[in-house]
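Trainee: Below you will find the structure I want to go over with you.
Please treat every number below as a calculation from the coordinates, not as lab data. For clarity, every value in this text was computed on a predicted model and none was experimentally measured. No Cβ is skipped: glycine too gets one built from the backbone with ideal geometry, and neighbour counts run over all protein chains shown.
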Amino acid sequence: MAILVTGGAGYIGSHTVVELLAQGEDVVIVDNLCNSHPVSIDRVEQICQRRPIFYQADIRDKNALIEVFSKHSFTSVIHFAGLKAVGESTTIPLHYYQNNVAGTLVLCEVMAEHGVKNLVFSSSATVYGDPHTVPIVESFPTGATNPYGRSKLIVEEMLGDLYKSDNEWNIALLRYFNPVGAHKSGLIGEDPNGIPNNLIPYITQVAVGRLAQLSVFGDDYNTVDGTGVRDYIHVVDLAKGHLKALAKLDAKAGLVTYNLGTGQGYSVLEMLNAFEKVSGKTIAYQISPRRPGDIAACYSDPSLAKQELNWQAELNLDDMAEDSWRWQQGNPNGFAS
Ligand code: NAD
Ligand code: UD1
């Protein structure tokens, strides 16, 4: 019996595959490599001394999925495959709905047809929109402010309907906060296409000399130092959360929703200082206008995951900074280095 990981060549997927292999699981990856590099799979093998089975296929290609399901027996599916750039989603929304919503629909159809009814879905803190207060608990109202976020909400609702129609399904909706960091080996990490949108890859690319300086988007928020506050979580902690979610599904959990965050918010300047400390580099920055759509502070209350999954983040800010830096230094141009 194996676990299917869609999007397993990507950032969070590859780290989760490492944890699954380390736990002795058999892993099959389906990824179309639209936002990842095949070298990530070689690196996973290098770390684990075991190679996951890999199919380069699109989850929207039903025949391709059926072929994979007919060759392997799966207990569960962890579904990472999707597009994730908020800005891009506003310019090509149909592409986002096609990929994220229709892709998940096809995947669920094939799972149902093969009697595989345990699913872990990558959702996002973005489904909380602009929360009325922090920390955020799972029962907060949801609302999307862009097509990417809406695609995640639609899938959450679709999976809710699926569960209502057939209680044999066990579905975990995992709402990630801000994943950062990399595997301790420095062999896998985040490898964004083009100029990064997110803070940490931007900082590490300034540190390595690929980018000239960071723009800090706003210093007049009502936060500790005026810059935006987020709940950064080490990707290895996040990956481990998926294994705990799988165990919960095996115990017939039904439909469950968890925040995966640390519960601790850090500001942009606190992150910048942490990176300067571990890298020994000065990160040039300028204060710029607020980024449209940004909120002042977003961090989780992760206590439900602790209570029900027996999971909590263990790695701290220094680990996040050190591990991101090790990855970026060893791979200045990502997997293409
Ligand atoms: P990623 O882009 O590194 O990984 C996604 C993987 O899915 C890539 O390897 C890509 O090639 C693959 N993929 C995309 N569409 C596909 C398709 N139609 N068929 C097959 N493969 C496809 O992104 P990530 O950061 O690892 O994110 C994984 C999941 O977590 C995504 O669903 C994302 O929306 C969600 N998420 C990410 C973050 C974050 O900040 N990284 C935060 C919240 C939620
Ligand atoms: C982004 C996504 C969100 C996703 C989350 C986790 C947007 C608008 N939102 O949110 O949907 O769930 O990542 O992956 O893209 N910052 C700078 N300068 C930069 C980049 C960022 O100052 O060059 C600041 C931002 O204003 C924010 C913080 O750094 O305060 C974090 O930004 P980012 O990494 O983009 O994450 P989110 O905004 O939380």
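Trainee: Binning at 5 Å from 0, report for segment 1-119 what percent of all alpha-carbon pair distances ends up in each bin.
Mentor: Reading upward from the zero bin: 2, 12, 23, 23, 19, 13, 6, 2, 0.
Trainee: For GLN98 and ASN167, FRET efficiency with R0 = 25 Å and r from the beta-carbon atoms, rounded to 0.05?
Mentor: Details: r = 29 Å, r/R0 = 1.18.
Efficiency, from the Cβ-Cβ distance: 0.25.
Trainee: Would you kindly calculate the translational diffusion coefficient of segment 197-244, applying Stokes-Einstein with the Kirkwood radius from alpha carbon pairs, for 10 °C and a viscosity of 1.306 mPa s, and quote it in µm² s⁻¹ without decimals? Show your work: numbers first, answer last.
Mentor: Working: Rh = 13.0 Å.
D, rounded to a whole number, is 122 µm²/s.
Trainee: Per DSSP H run of at least 4 residues, take -39500 (n - 2.57); add these up for the chain, divide by its residues and hand me the 222 nm value, nearest 500 deg cm²/dmol. Intermediate results must be reported in sequence, preceding the final value.
Mentor: Working: 12 runs with 130 residues, N = 337.
Helix-only estimate at 222 nm: -11500 deg cm²/dmol.
Trainee: Once the cut-off is 16 Å, how many percent of the Cα-Cα pairs in segment 157-221 end up in the long-distance tail? Mind showing how you got there, number by number?
Mentor: Numbers: 1361 of 2080 pairs.
That fraction is 65 percent.
Trainee: Moving on to the next point. Find the centroid of the Cα atoms in segment 33-51 and in segment 107-136, then give the distance between the two in whole Å.
Mentor: Distance between centres, Cα-based: 25 Å.
Trainee: I want to make sure I understand the PRE zone here: with the label point 7 angstrom from the Cα of HIS114 toward its beta carbon, which residues in segment 7-50 have backbone N atoms less than 16 Å away?
Mentor: 7-8, 26-32
Trainee: Sticking with this one: When DSSP beta bridges are limited to those with both residues in the chain, what percentage is antiparallel, rounded to the nearest 5?
Mentor: Details: 2 of 42 bridges.
Counting DSSP beta bridges with both partners in the chain, the antiparallel share is about 5 percent.
Trainee: Just the number, please: Stokes-Einstein D of segment 185-337 in µm²/s, Kirkwood Rh from C-alpha pairs, 37 °C, 0.692 mPa s.
Mentor: Details: Rh = 16.8 Å.
The Stokes-Einstein estimate is 195 µm²/s.
Trainee: I've got another one for you. In straight Cα distance, which lysines are under 17 Å from LYS252, not counting same-chain residues fewer than 8 positions off?
Mentor: LYS117, LYS164, LYS244
Trainee: At 4 °C and 1.567 mPa s, what whole-number value in µm²/s does Stokes-Einstein give for the translational diffusion of segment 94-237, with Rh from the Kirkwood sum over Cα pairs? Present the calculation step by step, with values, prior to reporting the outcome.
Mentor: Working: Rh = 17.9 Å.
For the chosen part, D equals 72 µm²/s.
Trainee: When the chain is fully extended, how far beyond the present Cα-Cα distance does LYS71 get from ASP225, taking 0.36 nm per residue of separation?
Mentor: Numbers: separation 154, 0.36 × 154 = 55.44 nm, distance 5.48 nm.
Full extension from LYS71 to ASP225 adds 50.0 nm.
Trainee: Given the alpha-carbon gyration tensor of the chain, what are the semi-axes of its equivalent ellipsoid in whole angstrom, ordered largest first, with each equal to the square root of 5 times an eigenvalue? Don't skip to the end; give the middle numbers.
Mentor: Values: eigenvalues 191, 105, 68 Å².
In descending order, the three semi-axes are 31, 23, 18 Å.
Trainee: Can I ask one more? When only Cα pairs under 8 Å and 6 or more residues apart are kept, what is the percent relative contact order across segment 1-55? Could the numbers behind the result be given before it?
Mentor: Details: 87 pairs, mean separation 21.8, N = 55.
Relative CO of segment 1-55 lands at 40 percent.
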